[in-house]
């Protein structure tokens, strides 16, 4: 019992640690003063001006589209690659894993500039698509690093048993292996989505004119001071995802309760 | 059968590639059209309304992007990754771009509003663009000390305060190589564009002795930290000083008596621009007094536009020593010159040595 | 397949017993390998070619002549110290992340939540607020007149002075990269069958032995992934040391960033990146080797 309480306390502490800065940002979104170090009174002004600001809204849209597309594509390519690599011989697999880590090893600026040079060299017009390609590239390693451990744990026998029992490889894969690695795939997708949301430097060097993401906007604002609209937007994004989570969780709970009945 | 899966996957891949290929039209593949203008400017460096007004009045469609620092902008223009028509770099960067033959000469027949720009600033701009052939000043400012009146014993007048042990732990130093060395060199009585290694070494020693006194090296963070009473002294650009004073009345800005840097950001047209005339229309528009006024009120960095200054209604701002320092202060200030790659490397290595 | 974990060992021996099965497995393996093809092509286009560009810049001078000067710059005392400090700080951060994340993952596993993705979301959600904004928010928390010190003052406790010190940098690294450690470890732990643990208990192993001989080895792939995803970005970061370290400490990430962003010197920047890359590759290989060794001794 004591162990259980200690465990819960520990989880709460870590969550507090992870969410402390978020709380600060939420408070700042209601701050009348533009300065983060001065409380100028409570205001909803930033939320109002946020929705009137087409630039931010377009940037939000671009950011989400790029994050979603790049995460989906990276998840597909990365999961397939993990399965492929897992059944490779040791040497080629080690080489491929090594190459996989390169986009992570490189400082972002190196990846960004080298990708820009690549696009310029093949005369590929920089724009939305070049940003997407770049994001897929740096997202794939996160997917592979999430799927691989799970895949290594997967028991090959069940897959073969399914085959022996007459399932097609396709069916055997989706019925047996895939559910097993699903948690890895999900966290890979989420990590990829997150990395894409956050990226600034690579986006900066691979974007064309008129392409803005929230990150490029926030970084461009640093010299003149970050506008509280950005805090407001982050807060909204955060709260809506949180609500969604709670709703889904509730529903899952009730479904599983019904089932157990 | 397994092959089928990989087939499907590669099919998905191809589809997605094709899909992204369609995104190409979002790019700038057709920016040679008459009615477009690709603008590349600092973040938060224009009143967004001004862009709409320009589009309405001229019928030119503006595609507007922002950068965070000169060095982020430079490779994009240099490699021709995106063909921007009009860009707003700082003084030393303009000089560098001129020296690398990256800029078009301006056709002043298309920029009659240049008459609104104060002669003083055009003259200052000649420091990096002799004859004002390539650039038109947009914003300018000085570098100085922002101090908290309640935390210092006497009015600050000299860079020396930044090297004073009694303010140990309460000093925010500029985390930019040239600005840090400008302070040290000027305090020692040398030229802020010095290329003399002995002088630079002397400045390095001074900065090293300052290191233990420093709370933090900052650039953008100085604003908020000073407003929040985190430090007594901070180095800041004049354009930020008015805003910080508004938020915290205890703060005071001074351009030290030894002299300082005056910086100018100006509009230029890169050689790979596709719409030069539209770019000149843009520059002309930016020089119009009402537009310059709108921008000044939005970004609060000093405008070189004399006609616009006349239009400022708030007498305090109009006569503000910070926004428009008088000639005696300006005569102490100099612009940075581009010192070449080798000197830049030397300065940077020395500055890293300071933090060693 | 190699001896990735004890379970697998068993599988491998199992496979060897029936030759027929082994054959079918290898043909299956081959066609499965094909799944990596799209990624292989992608790698060639978007990783290998840019890498060659980096190598080209790193191994030439401004005029395109071959040189090793850019690489040997790492030996310069300032850069060497920066690398050393970065290594130290990122190793500390990685260790702290591991120490925080592993027990957390164990507790989460013991809670037996039905929905895995819920935990994933809770851990990842903070990262949906922009990195820069979050790091700046930490300033608010840690500063002299910040949140923590205001609370401490109200309680008449001595002030906490870690802003602009290496401690603050480590805190920033741990904060930013902790989710990358939690997720893979939790994923692998959640997969371990309770029956395996119970079996070990039944065979007389106490809690610690069960952990050491059964749970930990089985979670090793997740630990390795986590270490990679925390160590590598902490080693190359520059924003955290600028914002939370008050820029008083120069890390290797700052040096590389300066070469590109301040000097526009792509040759030196690339050269130093190559050195860093080699460095990371070597250390990751060591980790992977340790991984294999530890498994070898744990054949239960």
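Just so it is clear, none of the values below were taken in a lab; they were calculated from the coordinates. Because the structure is a prediction, the values reported are computed rather than measured. As a convention, Cβ positions derive from the backbone with ideal geometry for all residues, glycine included, and neighbour counts pool all protein chains shown.
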Could you give the Stokes-Einstein D for region A:145-211 in µm² per second, using the C-alpha Kirkwood radius, 25 °C, 0.890 mPa s? 171
What spacing in nm lies between the two simple spin-label points modelled at residue C:110 and residue B:166, each 7 Å away from Cα in the Cβ direction? 5.9
Alpha-carbon centroids, region A:12-45 and region B:250-287: separation in whole Å: 35
For region C:35-59 and region A:116-140, write down the distance between their C-alpha centroids in whole Å. 13
May I ask for the equivalent-ellipsoid semi-axes of chain B, computed as the square root of five times each C-alpha gyration tensor eigenvalue and listed largest first in whole Å? 38, 28, 21
With a 10 Å radius around each residue's Cβ, average the other Cβ atoms per peptide and rank A:42-52, A:129-139, B:332-342, highest first. A:129-139, B:332-342, A:42-52
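If I take R0 = 25 Å and measure r between the Cβ atoms of residue C:209 and residue C:91 in this structure, what FRET efficiency does the formula 1/(1 + (r/R0)^6) give, to the nearest 0.05? All intermediate terms of the calculation are to be shown ahead of the outcome.
Values: r = 28 Å, r/R0 = 1.13.
Between residue C:209 and residue C:91 the formula returns 0.30.
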Using a 7 Å offset from the Cα along the Cα-to-Cβ direction at both residue B:297 and residue C:157, what is the distance between the two label points in nm, to one decimal? 5.0
Kirkwood Rh, angstrom, region A:102-261 [1 / mean 1/r, Cα pairs]: 19.3
Give the angle, between 0 and 90 degrees and rounded to the nearest 10, that separates the Cα long axis of helix B:48-58 from the longest principal axis of the Cα atoms of chain B. 50
Taking N as the number of residues in region A:168-261, what is its alpha-carbon radius of gyration divided by 2.2 N^0.38 Å? 1.62
Assuming 1.306 mPa s and 10 °C, estimate D for region C:59-296 with Stokes-Einstein, Rh taken as the Kirkwood radius over Cα pairs, in µm²/s. 78
Residue B:208 and residue C:49 label points (each 7 Å along its Cα→Cβ direction) are spaced in nm at 4.8
Inter-chain shielding of B:303-316 (mean C-beta neighbours from other protein chains, 10 Å cut-off): 0
Would you mind telling me the antiparallel percentage of the DSSP bridges in the protein assembly as shown, rounded to 5? 55
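Taking N as the number of residues in region B:201-277, what is its Cα Rg relative to 2.2 N^0.38 Å?
Compared with the compact-globule rule of thumb, region B:201-277 sits at 1.55.
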Count, for each residue of A:130-140, the Cβ atoms from other chains sitting within 10 Å of its Cβ, then give me the mean as a whole number. 4
Name the residue, out of B:188, B:162, B:146, whose mean-square fluctuation peaks in a Gaussian network model built on chain B with Cα pairs under 10 Å. B:188
Find the Cα radius of gyration of the protein assembly as shown, compare it with 2.2 N^0.38 Å by division, and give the number to two decimals. 0.99
Using only the Cα atoms of region A:185-238, build the gyration tensor, take square roots of its eigenvalues as a ≥ b ≥ c, and label the shape rounded, prolate or oblate: rounded if a/c is under 1.5, else prolate if a/b is larger than b/c, else oblate. oblate
Angle between chain A longest axis and helix A:178-198 axis [Cα atoms, degrees, rounded to 10]: 20
When a/c is below 1.5 the answer is rounded, else prolate if a/b is larger than b/c, else oblate, so apply that to region A:1-84 with a ≥ b ≥ c taken from the square roots of the Cα gyration tensor eigenvalues. oblate
FRET efficiency, 1/(1 + (r/R0)^6) with R0 56 Å, evaluated for residue A:236 and residue C:202 via beta carbons: 0.60
From other protein chains only, count the Cβ atoms within 10 Å of every residue's Cβ in B:158-168, then give the mean. 0
Taking Cα pairs closer than 8 Å and at least 6 residues apart, the relative contact order of chain C in percent is 30
Most to least packed among B:200-211, C:97-108, B:126-137 [average Cβ atoms within 10 Å]: C:97-108, B:126-137, B:200-211
Classify region B:225-356: rounded, prolate or oblate, from the alpha-carbon gyration tensor (a ≥ b ≥ c, eigenvalue square roots; a/c under 1.5 rounded; otherwise prolate if a/b is larger than b/c)? oblate
Taking Cα pairs under 8 Å and at least six residues apart, what relative contact order does chain B come out at, in percent? 27
On a 0 to 90° scale, report how tilted helix B:177-187 is relative to the longest principal axis of chain B, with both axes built from alpha carbons and the result rounded to the nearest 10. 20
Considering the convex hull of the alpha carbon atoms of region A:100-179, report its projected area averaged over all viewing directions, in nm², one decimal. 7.4
Need the C-alpha centroid separation for region B:89-116 versus region C:88-124, integer Å. 55
Sort A:76-88, A:96-108, A:5-17 for me by packing, meaning the mean count of neighbouring Cβ atoms within 10 Å per residue, highest on top. A:76-88, A:96-108, A:5-17
Debye intensity ratio I(q)/I(0), log10, region C:116-241, q values 0.12 Å⁻¹ (C-alpha model): -0.66
